[in-house]
Amino acid sequence: MATLINELSKDSEFDPASGMTKFAASLSGAISSANAGQRTSAASKFAMFTRPAMPVFIWDRLALTAMKVRTADNQGSGRPRRFRSGGSHDYAAFHAACMDEFKAERAKDSFRTAVQDFTEFVSFTRDGVSLADQGYFERRLFDKLLVCEGERVEELLLAAR
């Protein structure tokens, strides 16, 4: 596992949108009992923390639920989008949808204030130099927002049954 993470940290050409599926597949030997979704989730988490300046979004059951609802709402279709392609996970489509929603969140005063408050509270520095940029903290808060939304959607679906 450590070897794979070290390789990712050194890969100057890694692009989360196009490389996450390949990175997730490389974890199959280290996470043999995990299904593809768990490997994609693990890969996105490793990438988020290994490459904090990159636009990585965490593939998570609740985040997926929230993104399905958000994209359905934005498309006006009322049908949740499925982030699958050819029977496998489509991290690139998930990433693109997250980038659109992330951009919309960043335009909101409430989100910007939350990020500012959070970055003032948590400071990742070494010798006075920040170890993570503003975008990292924005993406982490966006990820948590999606998880909370996904949880609420699942609660509402359960209550409707």
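Just so you know, all these numbers are worked out from the coordinates, no wet-lab data involved. Source: prediction; values computed, not measured. Using ideal geometry, Cβ is built from the backbone for each residue, glycine included, and neighbour counts are taken over all protein chains shown.
If the reach is capped at under 18 angstrom between alpha carbons, list the aspartates and glutamates near Lys22, excluding any in the same chain fewer than eight residues apart. By straight Cα distance, Lys22 reaches Glu7, Asp11, Glu13, Asp60, Asp90.
When Rg is the radius of gyration of the Cα atoms in the chain and Rh is its Kirkwood radius, what does Rg/Rh come to?
A ratio of 0.98.
Distance between the 7 Å Cα→Cβ label points at Arg79 and Ala25: 2.9 nm. Only one residue of Phe102, Pro80, Gln116 has its Cα farthest out toward the positive end of the dipole of the range 80-120, where Lys and Arg carry +1 and Asp and Glu -1 on Cβ, and that residue is Pro80. For the range 1-63, the Kirkwood radius over C-alpha pairs fed into Stokes-Einstein at 10 °C and 1.306 mPa s yields D = 137 µm² per second. Here the range 79-123 and the range 1-39 have alpha carbon centers that stand 21 Å from each other. Using the Cβ-Cβ distance between Ser110 and Ser32 with R0 = 30 Å, the FRET efficiency computed as 1/(1 + (r/R0)^6) comes to roughly 0.10.
What's the whole-number percent of alpha carbon pairs in the range 31-120 lying beyond 21 angstrom?
The proportion of pairs with Cα distances above 21 Å equals 39 percent.
Dipole size of the chain about its Cα centre, with +1 on Lys/Arg Cβ and -1 on Asp/Glu Cβ: approximately 500 debye, rounded to the nearest 20. Treating each Cα of the range 51-103 as an identical point scatterer and summing with the Debye formula, the log10 of I(q)/I(0) at q = 0.31 Å⁻¹ comes to -1.34.
Quick one: which of Lys108/Lys144; Lys45/Lys68; Lys103/Lys144; Lys10/Lys144 span more than 18 angstrom between C-alpha atoms? Those over the limit are Lys45/Lys68; Lys10/Lys144.
Structural descriptor for the range 1-93: relative contact order 29 percent, calculated from alpha carbon pairs under 8 angstrom and at least 6 residues apart.
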